[in-house]
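Quick notes on the structure that follows.
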Amino acid sequence: MSAHIIHDAAHLGSTIRYSDGAAKPPSRFTKKLAAWESRNGVGRLVKKEPPQTRTTYCSPACFTLHEGDFGQGGIIVVSVRRTYSVDSNLRFEIVERPRIGMVRVLQALGDSPELLHLAENREAAERWLASNAYSRAYLEEVTADEVGADVVEGRTAA
């Protein structure tokens, strides 16, 4: 599916796979493999932003995928996030949607919320929020209405 459909249809917390359609090169070709990995991967949808209109420039709508955190000893050194415009030529697929009862920890930033954490339940989300202080964070439960809207609109849950 296109990036535009992901922006419109996927919910925050969904796992998204992206691909350019090319075959994965053998591992001995390290530069080709690195280039392929930059255009093929999986991430969690953490932010969706509407189009921005400025005086001199208009930017299309976009979304951000969180691909992973790297560090050691419980300390995150690098957090990898990639932002894609709805004009991207990559192919996207919703691999997994948040389940009913899961709780999103969101932070209000600008025009759209950003997913900080996806917890199995409210208690786990509250524990995470207590140990990770964010000033504008709030909790949002994944409801049956949200999941049911996918079925009504003809999309299938992964």
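Any idea which of (1) under 18 Å from residue 104 (Cα atoms); (2) loosely packed, with under 10 Cβ neighbours inside 10 Å is the one residue 43 doesn't satisfy?
(2)
Checking the conditions here, which among 25, 60 is touching a strand residue (DSSP E or B) at 6+ places or on another chain (Cβ under 9 Å) and over 30 Å from residue 122 (Cα atoms)?
None of the others qualify; the one that does is 60.
Only one of 114, 67, 93 is acidic (Asp, Glu), in contact (Cβ under 8 Å) with a residue 24 or more places away in the chain and touching a Gly at 6+ places or on another chain (Cβ under 9 Å). Can you tell me which?
Among 114, 67, 93, only 67 is acidic (Asp, Glu), in contact (Cβ under 8 Å) with a residue 24 or more places away in the chain and touching a Gly at 6+ places or on another chain (Cβ under 9 Å).
Looking at this structure, is residue 101 within 29 Å of residue 119 (Cβ to Cβ) and either in contact (Cβ under 8 Å) with a residue 12 or more places away in the chain or within 10 Å of the chain's Cα centre (by Cα) (or both)?
So residue 101 fits the description; yes.
Check off (1) of a type outside the set (A, V, I, L, M, F, W, C); (2) surrounded by 13 or more Cβ atoms within 10 Å (Cβ to Cβ); (3) more than 15 Å from residue 84 (Cα to Cα) for residue 15 and give me the number that stays unchecked.
Here residue 15 meets the rest and fails (3).
Need pairs with beta-carbon distance below 6 Å; first residue farther than 13 Å from residue 49 by Cβ and free of Cβ contacts under 8 Å to residues at least 40 places away in the same chain and within the stretch 70-86, second part of a strand (DSSP E or B) and small (Gly, Ala, Ser); sequence gap 6+ or separate chains.
Short answer, once both residue conditions are applied: 77/71; 80/68.
Name every residue in the stretch 42-83 that is on the phi > 0 side of the Ramachandran plot and either under 17 Å from the mean Cα position of the chain (by Cα) or of a type in the set (Asp, Glu) (or both), in order of residue number.
Across the stretch 42-83, the qualifying residue is only 68.
Taking the stretch 1-45, which residues are in contact (Cβ under 8 Å) with a residue 40 or more places away in the chain, under 20 Å from residue 68 (Cβ atoms) and assigned to a helix (DSSP H, G or I)?
Within the stretch 1-45, 6 is the sole residue that qualifies.
List the strands (runs of 3 or more DSSP E) inside the stretch 46-149, counting only whole elements, that have at least 1 residues being among the basic types (Lys, Arg).
75-85, 91-96, 103-109
Throughout, read-outs are computed from the coordinates displayed, never taken from laboratory work. All of these numbers come straight from a predicted model, not from anything done at the bench. Virtual Cβ from ideal backbone geometry, glycine too; neighbours counted across all protein chains shown.
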